[in-house]
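First up is the structure itself, then whatever we jot down about it.
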Amino acid sequence: MKKLLTLVLALVLCMSIVTVAHADGIKVGIINLDPAESGYREANVNDLYSVFTADNGYDAKFVTAPTADKQLEAANTFITEGVDYILVSAAETTGWDETLEAAKDAGIGVFLFDRMIECDPELYTAAVVSDMRNEGVTAVAWLESLGLEEYNVLHIQGQLGSAAQIGRSEPLQEKCEADEKWTMVREGTGGDSWDPNEARKIAEAAINAGEKFNIVYAENDGMAQGVVAALDANGITHGVEGDVIVMGFDCNKWALRELLAGNWNYDGQCSPFQAALIDEMIKTLEAGGEIEGLNEAKQIINDEKGFDARTITEEDIATYGLGE
Amino acid sequence: MSMIKRVRKSGGLGQLLIPLVAMGILLLFNLFRDPGFYAIGVAVNNSGNRVLTGNIISIIDSASELAIIAMGMTLVTAACGGQDISVGAVGTIAGSIFVKALKGFSSINLGTVLLALLACCLVTVLFKLFNGTLVSVFRIQPMIATLILFSCGRSIAYWIVGSATPQIDSPIISAMGMTIPGIPIPTPIFGVILVGALLALIFRFTTLRLYTESVGVNEGAARLNGINPILIKLLSFVILGLCVAVAGVIGTCRMGQVSHKTLLIDIEMDAILAVAIGGNSLGGGRFKISGSILGAYIIQMLTTTLLAMRVDPVNIKAYKAVVIIIIVMAGSPVVKNRLTTLWNRRRSGGLHAASGRG
């Protein structure tokens with residue numbers, strides 16, 4: 001027992017030394033999701049790593065946790081350690097009130113990035129998020145700008161209930177209902193995942209049933225890839241010179257290369273780059289300034305583009321592409 | 001004595017009755033619903049090869065990974081009386097190793113693909129031996145032992161390659177995942193045939209089946225008869241590992257990429273289901289691999305049927321669950337015994353009527 005106590009004491013001592021050694025710089029605790037989740041998340045995590053460095057004046061601690069309870073645990077640890085700021089991309093939208101109140105009481109600034117939390121906006125300093133609905137609106141507007149005679153859409157939805165799926169689906173569904181030139185030939189989904197293979201099976205079922213579509217609206221790059229595999233196997237041409245227009249989202253580098261090669265037509269961006277904006281806001285606060293440009297929900301909406309295969313360049317891929 | 005009898009009963013062709021009937025009903029259902037469901041066409045794919053198309057081809061093709069994993073799962077189930085739930089995660093590791101190895105070589109040709117395949121088989125077998133050791137040596141319940149890799153396997157796969165959706169592109173890869181030029185049948189189907197034939201040969205020329213079944217039925221008795229249960233269990237995991245490696249590579253080649261979160265997703269549950277639908281006892285003992293293969297095709301046929309029926313995508317899994325509950329219940333011992341009693345009573349009652357057939 002005595003031995004154990006000494007050990008624990010020694011450990012505590014060591015840890016406090018470590019903390020002291022890193023004490024210079026603005027202390028931030030960053031809570032993110034698992035980078036293995038997707039190319040998007042990987043880019044997001046790496047973006048934060050590259051901005052919140054010691055050279056940039058930060059003493060940053062990073063936690064990547066896939067579940068809400070582990071994230072909350074990390075947040076509470078950060079509060080106890082007394083960081084200056086906490087940055088969160090939450091696994092779940094609810095259940096944060098208590099922790100955020102504790103942070104507020106401790107005078108810790110909280111920034112939400114990528115994902116919103118359902119709570120009183122008073123509980124966080126600012127949020128940098130994507131407007132998924134706007135991504136859908138941009139994509140549908142691009143499609144409309146093509147001026148096709150008819151729009152027969154194979155719609156591959158992502159993980160049901162996710163913000164990305166809802167935001168990217170609605171504008172298309174509304175358009176198909178409102179405009180008689182637009183027909184929803186078939187809607188499919190990965191169910192509880194973004195499985196490309198599931199997308200392939202849905203496309204294959206549509207082809208086997210003799211359904212005629214000239215547009216594939218897939219809600220992420222992987223699912224677009226899955227549909228393309230089915231098109232290729234059945235000898236249906238696609239892309240700039242082909243019969244079927246292929247659309248994806250997320251702007252992975254490999255997907256943008258498909259655009260550049262003319263195999264796909266469109267890729268909608270979902271920007272994972274929020275670190276620079278947050279960095280700027282923290283620096284403003286530290287200098288005694290105030291953050292400007294927030295909307296009612298204290299959000300800053302990421303600027304997001306859509307890429308067209310006919311105009312995309314190598315430079316775009318290098319700048320906006322995710323992953324390798 | 002009674003135990004042996006019970007065990008014997010669950011084997012034999014009678015075991016295949018329920019899955020065969022289920023498959024028959026599905027086939028008939030589709031025939032009445034839309035005979036066009038069975039249309040098989042010939043198309044020229046975008047690589048310029050002639051290929052067969054149609055729902056039947058889709059079903060047989062899409063079920064390949066599941067059928068291969070179900071074969072291995074049957075063996076593990078028979079020997080250990082439990083299931084390996086880490087097959088999807090380890091299959092993703094297999095895909096990652098395959099891609100990592102190919103990226104390490106300067107070019108992708110037949111030789112390097114074979115080497116990559118070898119590396120991926122080796123690593124996958126090692127992972128499965130880890131599971132196997134926990135199960136056989138440490139006697140941990142299979143589901144708990146394999147829970148470890150189930151929960152961390154996909155992260156390991158990510159660490160191996162170090163990027164979220166690594167891509168590989170080569171004519172050989174698309175030949176492996178789709179069709180070989182000059183052969184109109186999707187390549188994954190040959191994967192199933194290959195694995196199935198190898199297992200059939202092993203069972204034909206070795207005592208593996210007998211040993212596996214005896215370990216599954218009564219481990220103590222098997223040991224007294226000079227069989228090493230640990231070795232047999234480990235062997236079943238090695239075979240499952242090879243199956244998983246093949247399935248992982250097929251899944252990877254299909255898409256030309258490894259997506260760690262979704263490759264072979266939920267396949268562990270479908271594989272266990274295939275084993276159960278095939279009439280195999282999940283408690284181990286006698287087994288029929290053909291039953292599990294049939295189970296795999298039934299599951300895929302169900303999905304394809306629902307897709308062809310344009311069931312609302314939100315509800316598709318619920319419908320699938322209902323049908324599967326019916327199939328599994330029809331194969332349950334209670335219903336089976338009821339039906340057998342009913343059948344026997346009818347037969348003894350109507351003996352004269354029965355003697356008239358032929």
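The values are calculated or read from the model by the stated rules, or taken from the named source; none is laboratory data. Note that the structure is a prediction, hence the values are computed from the model and not measured. Counting neighbours? That spans all protein chains shown, and the Cβs are built from the backbone with ideal geometry, glycine included.
Before moving on, here are some points about what is shown:
- Pairs where the first residue, in the stretch A:146-162, is assigned by TED's automatic domain parsing to the domain that holds A:GLU211 and the second is at pLDDT 95 or above and among the hydroxyl-bearing types (Ser, Thr, Tyr), C-beta under 6 Å, 6+ apart: A:ASN152/A:THR183; A:VAL153/A:TYR217; A:HIS155/A:TYR217; A:GLN157/A:SER169
- The one condition from (1) crowded, with 18+ Cβ neighbours inside 10 Å; (2) farther than 19 Å from A:MET247 by Cα; (3) within 14 Å of chain B (Cβ to nearest Cβ) that A:VAL129 does not meet is (3).
- Every condition in (1) out of contact with any helix residue (DSSP H, G or I) (no Cβ under 6 Å at 6 or more places or on another chain); (2) more than 14 Å from chain B (Cβ to nearest Cβ); (3) surrounded by fewer than 20 Cβ atoms within 10 Å (Cβ to Cβ); (4) in a loop (DSSP other than H, G, I, E, B) is met by A:GLU241 except one, and the failing one is (2).
- When B:SER155 is tested against (1) over 30 Å from B:ASN45 (Cα atoms); (2) modelled with pLDDT of 95 or more; (3) surrounded by fewer than 21 Cβ atoms within 10 Å (Cβ to Cβ), only condition (2) is not met.
- B:LEU306 being over 25 Å from B:LEU149 (Cα atoms) and part of a helix (DSSP H, G or I): yes
- Strands (runs of 3 or more DSSP E) wholly inside the stretch A:254-324 that include at least 3 residues being farther than 25 Å from A:PHE62 by Cβ: A:266-268, A:306-308
- Failed item, numbered, when A:ASP279 is tested on (1) among the acidic types (Asp, Glu); (2) surrounded by fewer than 24 Cβ atoms within 10 Å (Cβ to Cβ); (3) over 30 Å from A:LYS27 (Cβ atoms): (3)
- Count of residues meeting criterion [more than 22 Å from B:PHE37 (Cβ to Cβ), buried (at least 21 other Cβ atoms within 10 Å of the Cβ) and at the interface with chain B (Cβ under 7 Å from one of its Cβ atoms)] in the stretch A:190-205: 3
- Residue within the stretch B:271-286 that is within 14 Å of another protein chain (Cβ to nearest Cβ) and over 11 Å from the mean Cα position of the chain (by Cα) present: no
This table checks each residue for (1) in contact (Cβ under 8 Å) with a residue 12 or more places away in the chain; (2) in the same structural domain as A:CYS119 (by TED's automatic domain parsing); (3) under 28 Å from A:ALA36 (Cα atoms).
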residue: A:TRP264; (1), (2), (3): yes, no, yes
residue: A:LEU277; (1), (2), (3): yes, yes, yes
residue: A:GLY288; (1), (2), (3): no, yes, no
residue: A:ALA297; (1), (2), (3): yes, no, no
residue: A:ILE301; (1), (2), (3): yes, no, yes
residue: A:THR311; (1), (2), (3): no, no, no
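- Pairs, first within 9 Å of another protein chain (Cβ to nearest Cβ) and more than 10 Å from B:SER96 (Cα to Cα) in the stretch B:157-170, second of a type in the set (A, V, I, L, M) and in a helix (DSSP H, G or I), C-beta under 7 Å, six or more apart: B:ALA164/A:ALA36
- Of A:ASN220, A:ASN214, all but one fail to be under 19 Å from B:ASP266 (Cβ atoms), more than 9 Å from chain B (Cβ to nearest Cβ) and out of contact with any Pro (no Cβ under 7 Å at 6 or more places or on another chain); the exception is A:ASN220.
Each row is one residue, and each column tells you yes or no for (1) surrounded by fewer than 20 Cβ atoms within 10 Å (Cβ to Cβ); (2) over 21 Å from the mean Cα position of the chain (by Cα); (3) assigned to a helix (DSSP H, G or I); (4) of a type in the set (Asp, Glu).
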position	(1), (2), (3), (4)
A:VAL83	no, yes, no, no
A:ALA90	no, no, no, no
A:GLU98	yes, yes, yes, yes
A:ALA102	yes, yes, yes, no
A:PHE113	no, no, no, no
A:GLU118	yes, no, no, yes
A:GLU122	yes, yes, yes, yes
A:ASN134	yes, no, yes, no
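- Odd one out for B:ALA43 among (1) of a type outside the set (S, T, N, Q); (2) in contact (Cβ under 8 Å) with a residue 40 or more places away in the chain; (3) not in a helix (DSSP H, G or I): (2)
- The stretch B:224-261: number of residues that are modelled with pLDDT of 95 or more, part of a helix (DSSP H, G or I) and over 19 Å from the mean Cα position of the chain (by Cα): 5
- Flag if B:VAL135 is over 20 Å from B:ILE239 (Cα atoms) and either touching a Ser or Thr at 6+ places or on another chain (Cβ under 9 Å) or among the basic types (Lys, Arg) (or both): no
- Note on the stretch A:274-320: residues that are more than 26 Å from A:THR53 (Cα to Cα) and touching a Gly at 6+ places or on another chain (Cβ under 7 Å) amount to 2.
- Looking across B:SER214, B:SER163, one residue alone is of a type in the set (Gly, Ala, Ser), more than 24 Å from B:HIS260 (Cα to Cα) and out of contact with any Phe, Trp or Tyr (no Cβ under 9 Å at 6 or more places or on another chain). It is B:SER214.
- Where B:ALA22 falls short, out of the listed (1) surrounded by fewer than 22 Cβ atoms within 10 Å (Cβ to Cβ); (2) away from chain A (no Cβ under 14 Å); (3) modelled with pLDDT under 95: (1)
- Any chance A:ALA127 is assigned to a loop (DSSP other than H, G, I, E, B) and over 30 Å from A:VAL216 (Cα atoms): no
- Matching residues, the stretch A:53-75, being closer than 17 Å to A:THR94 by Cβ and in contact with a Pro (Cβ under 8 Å, 6 or more places away or on another chain): none
- Restricting attention to the stretch B:33-50, the residues that are over 24 Å from B:LEU307 (Cβ atoms), in contact with a helix residue (DSSP H, G or I) (Cβ under 8 Å, 6 or more places away or on another chain) and more than 8 Å from chain A (Cβ to nearest Cβ) total 0.
- The stretch B:139-165 - residue that is touching an Asp or Glu at 6+ places or on another chain (Cβ under 7 Å) and in a loop (DSSP other than H, G, I, E, B) and, of those, nearest to B:GLU268 (Cα to Cα): B:ALA164
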